[in-house]
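Student: Quick one: the structure is below, and I'll ask about it shortly.
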Amino acid sequence: MKKVRSTRGRGLIAILWPSFLVAGLSSGILFAFVDPWTLMDEAGIDAGSRLSGYSIVFLFLWLGGIVTAFFALYIFRTPEPGANQDHPREEPRL
Amino acid sequence: MEGSTTPLQQELYEKRQTIHPRQVTGTFATLRVAAVLVLLGLYYIVPWIPWDGRQAVLFDMPARKFYIFGLVLWPQDFIFLAGLLIVAALSLFFFTAIAGRLWCGYACPQTVWTEVFMWIERRIEGDRNQRIKLDKRPMDAHKFRLRFTKHGIWILFSLWTGYTFVGYFTPILELGSKILTFSTGPWETFWVLFYAFATYGNAGWLREQVCIYMCPYARFQSAMFDRNTLIISYDERRGEPRGGRRRSDDPEKLGLGSCIDCTLCVQVCPTGIDIRDGLQYQCIGCAACVDVCDQVMDKMSYPKGLIRYTTENALESGTTRLVRPRVIIYGVILLALVGALVYGMLNRAPVELDIIRDRNVLYRVTDKGLVENVYTLKILNKHHEAHRFRVEVEGLPGVYVNADTDREIGSGEVAEITTSVQIDPVDLKRPSTELRFRVVAEDDPLVVNEDEARFLKPL
Ligand code: SF4
Ligand code: SF4
């Protein structure tokens, strides 16, 4: 029981953490060139302040990364065709 | 798959067990405490330092300006920030090649904050053995009180850390008064709590797992290692065969090495490994095992240094080469980059100039028969003083410039200046001519920048 949980824990870290780093880096680069005001204006979002602009974009990028990482892990662990679905083989280790 | 766990699963399983490092004292422990005090002291104090009527170090995201003491960086100076980060990364490479994971053991925020959290934990719950006992004990009033106090203090400390962190990005005094009146903006609140939570989680709960599972540096640092890199190592030749004995025994007679197998080096290790098994990637080079082993050697009246800072080469042949191709290459690249960065900083343009052509009207012929083009000059004054700017145009003789430059542009201000340029068509040989625009402060010829734009004439 505990074994599985620790694998899950690592999976969670593998999803959340790299996407966090990449989101931070890409927002840094993005905002060096684009003012969040302009960006929010274009998107038609009433951000209220620049800080919200930064935050919304960062969280959005993070979410994108999370989805990507999750998808990658999901593909990685989908069993091959023909594998017994009721008794899946040993989960790939994350 | 019962009974046939792979080594990796086994490892995962074991790593989940909480590690309770025993407290260490000694040279390196003292050094680390000093590092913690200096680094955290800086972290918590720096945002409170005033400078010229503002916060000395402020990454003012709302205003899109970075202040670092006398230096002001704009989004346009992003390249310097990127350069700074690259220099920081390269220094880490350079440093790692020479001194191994010294960074991990003394300077990494993870280590530094964990050290504080463990100190708090020790003050409340006691040292290793008491904590292990407490862990096993069923929850009762006593245990609850200890746990409650510990987490309470951890959380308060984390909140203060989060507040300080956000204080680097928005003026800390203002933020403080907003917090006291419960009027912080939703995002400010979010980031304070986010950073507090990250601190609490990483330093309180995850600890060595951050180093083992999350840290990218821990994974690639071995690529910078060679046989001359400083590592912490157990001197196997001297220590083995290990074994218990009395102080008065002569190890030689018993056929034993210097290791008395007290397992103290394992008990103090924050990542829970046994250094005697050889160099392992989990070892963060904290030297806790060095300190404790030296004390044991002292007690046994053996020479110190059974576990010590050394290099693979030194262990084998007794010599270490400090200067080697890897070190030279990292060093040269680093020097070149730092040089370029300093040069670039010193020669940073004090004004930014962006020229936008009027897209609707390409050209116009005036009553006097001159060809006119209109441009919008976007001028950002990065100088620390306000200036009035003059626009000059070069590239052709007989150019008439008309720019509405009667206004001062304040420090940090962007102004759009409509500039019309008129040229006699006889001077225009080609349908499109390159012109050089210069904006220069009227009272300071060094505050200047140039850019090019095309001038079009009727075909
Ligand atoms: S392994 Fe990474 S997180 Fe851990 S101490 Fe070293 S640099 Fe810090
Ligand atoms: S083996 Fe020694 S130096 Fe390495 S992490 Fe453990 S106590 Fe620190």
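Student: Taking the stated definitions as given, is B:G100 touching a Cys at 6+ places or on another chain (Cβ under 8 Å) and within 16 Å of ligand 2 (Cβ to nearest atom)?
Tutor: The answer is no for B:G100.
One line per residue, one yes/no per condition, for (1) farther than 21 Å from B:W191 by Cβ; (2) within 11 Å of another protein chain (Cβ to nearest Cβ):
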residue: A:A14; (1), (2): yes, yes
residue: A:A32; (1), (2): no, yes
residue: A:M40; (1), (2): no, no
residue: A:G48; (1), (2): no, yes
residue: A:G53; (1), (2): no, yes
residue: A:F58; (1), (2): no, yes
residue: A:I66; (1), (2): no, no
residue: A:A69; (1), (2): yes, no
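Student: Show me the strands (runs of 3 or more DSSP E) found entirely inside segment B:320-430 where at least 3 residues are more than 26 Å from B:A88 (Cα to Cα) and among the β-branched types (V, I, T).
Tutor: Those strands (runs of 3 or more DSSP E) span B:351-357, B:371-381, B:414-423.
Student: Looking at segment B:299-306, can you tell me whether even one residue there is under 30 Å from B:F94 (Cα atoms), exposed (fewer than 15 other Cβ atoms within 10 Å of the Cβ) and away from ligand 1 (no atom under 16 Å from the Cβ)?
Tutor: The answer is yes, given that some residue of segment B:299-306 is under 30 Å from B:F94 (Cα atoms), exposed (fewer than 15 other Cβ atoms within 10 Å of the Cβ) and away from ligand 1 (no atom under 16 Å from the Cβ).
Student: Being within 16 Å of ligand 2 (Cβ to nearest atom), touching a residue at least 24 places away in the same chain (Cβ under 8 Å) and in a helix (DSSP H, G or I): is that true of B:T111 here?
Tutor: Judged against the criteria, B:T111 is a match.
Student: Further question: Considering only segment B:104-122, I want to know if a residue exists there that is acidic (D, E) and either touching a helix residue (DSSP H, G or I) at 6+ places or on another chain (Cβ under 7 Å) or modelled with pLDDT of 95 or more (or both).
Tutor: Within segment B:104-122, one or more residues are acidic (D, E) and either touching a helix residue (DSSP H, G or I) at 6+ places or on another chain (Cβ under 7 Å) or modelled with pLDDT of 95 or more (or both).
Student: Out of the residues in segment B:276-292 meeting the condition of being within 13 Å of ligand 1 (Cβ to nearest atom) and in contact (Cβ under 8 Å) with a residue 12 or more places away in the chain, tell me which one is surrounded by the most Cβ atoms within 10 Å (Cβ to Cβ).
Tutor: So, considering only residues that are within 13 Å of ligand 1 (Cβ to nearest atom) and in contact (Cβ under 8 Å) with a residue 12 or more places away in the chain, the one surrounded by the most Cβ atoms within 10 Å (Cβ to Cβ) is B:A288.
Student: Name, by its number, the condition in (1) assigned to a loop (DSSP other than H, G, I, E, B); (2) more than 10 Å from ligand 2 (Cβ to nearest atom) that does not hold for B:P270.
Tutor: (2)
Student: While we're looking at this one, here's another question. Can you work out which of the residues in segment B:442-457 that are among the aliphatic types (A, V, I, L, M) and closer than 17 Å to B:L380 by Cα is least open to solvent (accessible area, probe 1.4 Å)?
Tutor: Going through the qualifying residues, I end up with B:V447.
Student: So B:F78 fits all but one of (1) open to solvent by 30 Å² or more (accessible area, probe 1.4 Å); (2) touching a residue at least 60 places away in the same chain (Cβ under 8 Å); what number is the exception?
Tutor: (2)
Student: Same structure again: Inside segment B:211-251, can you point out the residues that are within 14 Å of ligand 2 (Cβ to nearest atom) and within 14 Å of another protein chain (Cβ to nearest Cβ)?
Tutor: Selection gives B:C211, B:I212, B:C215, B:A218.
Student: Could you list, in sequence order, all residues of segment B:47-64 that are touching a residue at least 40 places away in the same chain (Cβ under 8 Å) and open to solvent by less than 40 Å² (accessible area, probe 1.4 Å)?
Tutor: Scanning segment B:47-64 gives B:P47, B:Q55, B:V57, B:L58, B:D60.
Student: Mind checking which residues of segment B:148-173 are of a type in the set (A, V, I, L, M) and more than 14 Å from B:F190 (Cα to Cα)?
Tutor: Within segment B:148-173, B:I153, B:I155, B:L156, B:I172, B:L173 meet the criteria.
The values are calculated or read from the model by the stated rules, or taken from the named source; none is laboratory data. Everything numeric in this text was worked out from a predicted model, so none of it was measured. Positions of Cβ are generated from backbone atoms using ideal geometry, with glycine treated the same way; all protein chains shown enter the neighbour counts. Accessible surface is based on the protein model in full, side chains and every heavy atom, while ligands, DNA and RNA are left aside. Shrake-Rupley method; radii C 1.70, N 1.55, O 1.52, S 1.80 Å.
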